[in-house]
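Only one structure is covered here, and it is reproduced in the block below.
The values are calculated or read from the model by the stated rules, or taken from the named source; none is laboratory data. Source: prediction; values computed, not measured. We place every Cβ from the backbone using ideal geometry, glycine too, and count neighbours over all the protein chains shown.
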Amino acid sequence: MTIGRFAPSPTGILHLGNLRTALASWLSARAAGGRWLVRMEDVDGPRCRWDLGEAQLRDLAALGLESDGPVVWQSGRLADYQAALVALHAAGRLYPCACTRKDLQLLASAPHAEDGLRPYPGRCRGRAWERFEQALRLRLPEGAMAWEDRLLGPQTDDPATLTGDPLLFRRDGCFAYHLAVVVDDGAQGITEVVRGADLRPVTATQIRLQEALGLPRPDYAHLGLVVAPDGSRLGKRAGGLGLEALAARGVSSAEVLGWLGWSLGCLERPEACRSEELIQAFDWAGAPKGEVRVPEAWA
């Protein structure tokens, strides 16, 4: 059975790009007769807010997208992340990292980003183990790996050139994104991950972590981003392109849904509709691969 998920961070209002990802994930699961789950990725401390998460759930419901099971909040699963670290340490896959943000900026030599920085160059790989209460990284195996994207086709990446050894536990005591998302996808039995193309570069790294933890590999599909009319990226807090702001300008949720469905190849033209009306028309083979621009009238 297909089990998809949508996993936003409750740090702002869902904008059109977030909503398009949610709809594509929901449609893919529904078209396959599967289940769709919502998970709140709220391990990033003070930036995450319960009220913003609840607002995101209301926006999803307004489009007819509701989780088929209880909404999981990552902040309630810290013991599972710790257990994963213990297992990785026992397998000899973790090492402590003493690098500061400034160190990484000075040492970087490749153009791809990890949490706003360039790939980790492995400076601390030889450090002796000390304790769990420190920054910890996963020791990646060498070499490129192949994986399949349902929208983009066959992919081949070398995680070392994209992220380097990923950070799994931060020095501020927070579990990092890579660890939490992989552990949760495994625990929830996720078989399909639909997300934006900006996360495509981290996929091979997350697959390596799945392998290290003995977890199955889900299918992946990376959508082209929704961009502003001038081609610029939508920020995480682009609330002006959320449902509430659009409703204030006279754009209904049904109209937003129709535009999103059209942008995914489900409709011949943008028109108000219900989510159920899009299911039979959804097909990854017909979904556009490139960026989608927000209508001028909505921006």
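Residue-wise test of (1) in contact (Cβ under 8 Å) with a residue 40 or more places away in the chain; (2) under 30 Å from residue 223 (Cβ atoms); (3) within 23 Å of the chain's Cα centre (by Cα).
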site: 120; (1), (2), (3): yes, yes, yes
site: 133; (1), (2), (3): yes, no, no
site: 139; (1), (2), (3): yes, no, yes
site: 143; (1), (2), (3): no, yes, no
site: 148; (1), (2), (3): yes, yes, yes
site: 151; (1), (2), (3): yes, yes, yes
site: 154; (1), (2), (3): no, yes, yes
site: 158; (1), (2), (3): yes, yes, yes
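Within the stretch 255-285, how many residues turn out to be under 24 Å from residue 196 (Cβ atoms) and part of a helix (DSSP H, G or I)?
Number satisfying all stated conditions: 13.
Taking residue 70, is it without any contact (Cβ under 8 Å) to a residue 12 or more places away in the chain, outside any helix (DSSP H, G or I) and either closer than 24 Å to residue 276 by Cα or basic (Lys, Arg) (or both)? Criteria met by residue 70.
When the residues of the stretch 234-291 are filtered to those that are small (Gly, Ala, Ser), within 23 Å of the chain's Cα centre (by Cα) and closer than 21 Å to residue 66 by Cβ, the one that is modelled with the lowest pLDDT is 242. Of the residues making up the stretch 286-299, those that are in a helix (DSSP H, G or I) and out of contact with any helix residue (DSSP H, G or I) (no Cβ under 9 Å at 6 or more places or on another chain) are 286, 296, 297. For the stretch 108-122, the count of residues that are in contact with an Asp or Glu (Cβ under 8 Å, 6 or more places away or on another chain), at pLDDT below 95 and outside any strand (DSSP E or B) is nonzero. Checking each residue in the stretch 1-21 for being out of contact with any helix residue (DSSP H, G or I) (no Cβ under 6 Å at 6 or more places or on another chain) and within 15 Å of residue 282 (Cα to Cα) picks out only 21. Of the listed requirements (1) crowded, with 18+ Cβ neighbours inside 10 Å; (2) in a loop (DSSP other than H, G, I, E, B), residue 56 misses just one: (2).
Filtering the stretch 23-50 to residues that are at negative phi, touching a residue at least 40 places away in the same chain (Cβ under 8 Å) and assigned to a helix (DSSP H, G or I) leaves 23, 24, 25, 26, 27, 28, 29, 30, 31, 50. The helices (runs of 4 or more DSSP H) falling completely within the stretch 143-226 that include 2 or more residues that are of a type in the set (Val, Ile, Thr) map to 177-187, 203-213.
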